[in-house]
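Please read through the structure below; I'll follow up with questions.
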Amino acid sequence: MKIGTDKANKLRELIDSGPRRIVIVTHTNPDGDAIGSSLAWGELLESKGHDVTCVVPNRYPSFLDWMPGIEQLKIFKYDEDGSTAQKISEAEIIFCLDFNQITRLERLSDAIKDNETAQVVLIDHHLNPSAGFDLIFSYPDSSSTSFLVYELIEQLEGTTAITKRMGENLYVGMMTDTGNFAFSNLTPELFRAVASLVEKGVDVAAIHSNVYNSFTEDRLRLLGFALNKMETFRAGDVGVAYIALKESELRRFRFQPGDSEGFVNFPLTVRTLDVSASFIENKKFIRISLRSRGDVDVSKFANKYFDGGGHKNASGGKSFMSMAETIAHFRRSALEYFGEGVSVESSPRQTTEFPG
Ligand SMILES: [Mn+2]
């Protein structure tokens, strides 16, 4: 994508105007893109002499522990001495990365709202940003916020400003948000960016192994359990699968945050399935993740039935109903939305592939 010169200039003015107190925040349950883009953008700002604090609402998954600079991340949930809250209240600029609704950060939302003087800048790739930002870099066509940050830095400073450490962080976001370069929005520009990161010494194989081959035995067994529980049905022409995990089940496998990350992608490895959902229960609500392939749009679906959102092929939402009610609502909604109310149970599809 092309970042408008006017907007780029405004951003340049903002970050080139002497040392500032800057806070970078990202979304709840931060993933590789949230953290990768935050750390890389933070390092760039630090190199320009700013006082930078990167804040996440809650803990990140342990497979990201190795990311360069992650030990300096402030976890707002554990801000016992209030020092992070103070950083937020004193910030002159607040960057919001990889999410676009300030109201969805729970307690951290209030801390940001209470600072009425800071310039609030959005850098994100999710659809439909909310109001309340002073400067908006919203590019839903970008495959990750990390790629967007790469392009911003390229435009503002040139790629020479990107260090190997920043490259490693950006690569994590580019890799994880594209399902290891397998989903949509894979542009020539993205692969050129990857090539330039490799030129800086980023070790693609090592990062892949750090992120994807670092799970616990419990997590692998939980995945096996989840896949065995998978349910499927047809909504018209659309094959739908879902995985539901209750809190008591998660506890049996000593669930850690991030353990269910990616589970929702597995059903789409089945040729006849087009939509996959996961329902992961915690103490307060059920987290819903949705994936689809091709033209099947789970972003609008999430918005219509679960007050959620995201991208066409990857979205999510929350349910405050019980697991049974959530699943019933999901089944009804999927039949209505994807299948115009016609399920295979009542109207079997004609097949000519396997006669007899
Ligand atoms: Mn992202």
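Can you give the FRET efficiency to the nearest 0.05 for residue 90 and residue 293, using r as the Cβ-Cβ distance and R₀ = 45 Å? Could you put the intermediate results ahead of the total?
Details: r = 46 Å, r/R0 = 1.03.
Efficiency for this residue pair is about 0.45.
Set the Förster radius R0 to 56 Å, insert the Cβ-Cβ distance between residue 1 and residue 225 as r into 1/(1 + (r/R0)^6), and round the FRET efficiency to 0.05. Provide the component values of the computation, followed by the final result.
Numbers: r = 41 Å, r/R0 = 0.73.
Once rounded, the FRET efficiency stands at 0.85.
Also: Only Cα pairs within less than 10 Å get springs; with that Gaussian network setup on the chain, which residue of 28, 269, 216 has the largest fluctuation?
269
With equal scatterers on the alpha carbons only and no solvent term, can you work out the Debye log10 of I(q)/I(0) for segment 68-115 at 0.14 1/Å?
Cα-only, vacuum Debye calculation for segment 68-115: -0.36.
How far, in nm, would the chain grow between residue 318 and residue 135 when pulled straight, counting 0.36 nm per residue and subtracting the alpha carbon separation? Mind showing how you got there, number by number?
On the way: separation 183, 0.36 × 183 = 65.88 nm, distance 2.83 nm.
Full extension of this stretch gives 63.0 nm more.
With only Lys, Arg, Asp and Glu charged, each at its Cβ (+1 for the first two, -1 for the last two), find how big the charge dipole of segment 5-211 is about the Cα centre; round to the nearest 20 debye. List each step's numbers first, then the result.
Numbers: 17 positive and 31 negative charges, 14 e Å.
The dipole magnitude comes to about 60 debye.
Please compute the modelled spin-label separation between residue 128 and residue 270, points set 7 Å along Cα→Cβ, answer in nm with one decimal.
So the two model labels end up 3.0 nm from each other.
While we're looking at this one, here's another question. Enumerate the residues in segment 93-114 having an amide nitrogen under 12 Å from the point lying 7 Å beyond the Cα of residue 51 toward its Cβ.
Correct set: 93.
Moving on to the next point. Just the Cα atoms of the chain: what Rg and Dmax do they give in Å?
Calculated on Cα positions, Rg and Dmax stand at 21.1, 77 Å.
What is the helix-to-structure angle for 217-229, meaning the angle in degrees between its Cα long axis and the longest Cα principal axis of the chain, kept from 0 to 90 and rounded to the nearest 10?
Approximately 40 degrees, to the nearest ten.
I'd like the projected area of segment 219-339, averaged over all directions, using the convex hull of its alpha carbons. Report it in nm² with one decimal.
Hull-based average projected area comes out at 6.7 nm².
Hey, what number do you get for the chain at 222 nm if only DSSP H runs of n ≥ 4 count, each worth -39500 (n - 2.57), divided across all residues, to the nearest 500?
-11500 deg cm²/dmol
Related question: Rounded to the nearest 0.05, what FRET efficiency do residue 332 and residue 285 have when you use their Cβ-Cβ distance and R0 = 22 Å? Show your work: numbers first, answer last.
Values: r = 19 Å, r/R0 = 0.88.
The value I calculate is 0.70.
State which entries of 74/246; 87/283; 2/300 exceed 28 angstrom in Cα-Cα distance in the structure shown.
Pairs exceeding the cut-off: 74/246; 87/283.
A short reminder: the numbers here are calculations on the coordinates, not readings from a lab. On a predicted model such as this, the values are computed, not experimentally measured, just so you know. When we count neighbours, we look across all protein chains shown, and the Cβ atoms used for this are built from the backbone with ideal geometry, even at glycine.
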